[in-house]
Each structure stands twice: as C-alpha cells, then as structure tokens.
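Below is one structure, written out as structure tokens; comments come after it.
FYI, it's all coordinate maths here, none of it is from the lab. Because the structure is a prediction, the values reported are computed rather than measured. Because the Cβ atoms are built from the backbone with ideal geometry, glycine has one as well, and the counts that use them run over all protein chains shown.
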Amino acid sequence: MKTFLLMLMLSTTASAQDAPPTRAAFEDLVGIVGVEPAGTPPADDVVEAITVDIAEELRCPVCQGLSVADSQTETAVSMFDRIRELVRLGYTEQQIDEFFIGRYGEWVLLAPRATGFATLLWALPVFMILAIPLVLLGVSSARRQPEKPKDPTPPGPDDTPVDPYLQRVLADLEDS
C-alpha cells in the first residue's frame, strides 16, 4: 500500500512541481514518512537551495557514487522531487535523511554518520598519523646511549689514555 501511495505521490509531484502540496497530499506523506514535519515550511525562494543541499548528501541508488543532485536517472529525479516536496512541507534535513535511510539503509548517505564503528574507522587513520612519529621518537631516544660524565680536569700530556691496540703496536715497534 505504501509503495502504491509513494508512486501516486511521485507521479502527481512530477507533473506539478511548482504547485504547493494539498492537504490530502500532506496527509498521505505523513502516512508514508511516518512523522509530521518538525520545522516550518521555508519560503519558496529557498526551497530549491535547501533541496539541492540535501540531494547532494544522498547517494543515487542506481548510479555508482553519484549524488541525487548529480544524477539524471529516473530514480534520482524522483528522489529529488520527493526531497523538494518534503522541504516544502516543512520536514527538516534530519527527517528527510531518516526517510531515505528507512527505504535504502545507511548506504544512501554519501558521507556516513560518525557513530559507533564508523567513528573508529574515521579516527584510526588520524590516530596512526599522530602515533607513528611518537613511536619513532621513542625508539630513537632509546637507542641513544647516555653520555658519560666528563672529567672536570682535562688530561695532561702524560695522562692521555691510550688505546690497548695502539699500546701493543707501540710496544712491538720498540722491540724491533
């Protein structure tokens, strides 16, 4: 029954896009959408701008990666007309999004909502970008050996430490 009403509403909307919706159409839409509009109907001069903004955030179910505003398929045009009609009736962007999510699932949103697992997917690359330099800094500082404290008195000419290998070479030279 809802599908029949939806098709009926789409066919009447497509033929009279600029005509304001009737009370019967409003009551049918409340039955289809499931809730009454939360906002007040905007002025006619801003309806198209709001419609385009919302349509740019929704994915065309037929196209690959195009928004409803960018697609010219019959489905996208019908969705665009439905968005326009819902905006004229005073439905908010959130209510319109929920309407289409109810029909097509969360997939219909071009930018997924940042909730639950989606938040983790969005935050993980940022965390990795920040964590990798910190880990590298920690590893490089762990590899460094602490400097030995310097002797306060510099060694004299006779007190110069000699390498044991050098001492053996010098001793061999003296013997020969």
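Quick notes on this one:
- Near Glu57, once Lys and Arg are set to +1 and Asp and Glu to -1 for all other residues with Cβ below 12 Å from its Cβ, the sum equals -3.
- Long-range amide H partners of Ser67 with built H, under 5 Å: Cys60
- FRET efficiency estimate (nearest 0.05) - Cβ-Cβ, Thr119 to Ala49, R0 41 angstrom: 0.85
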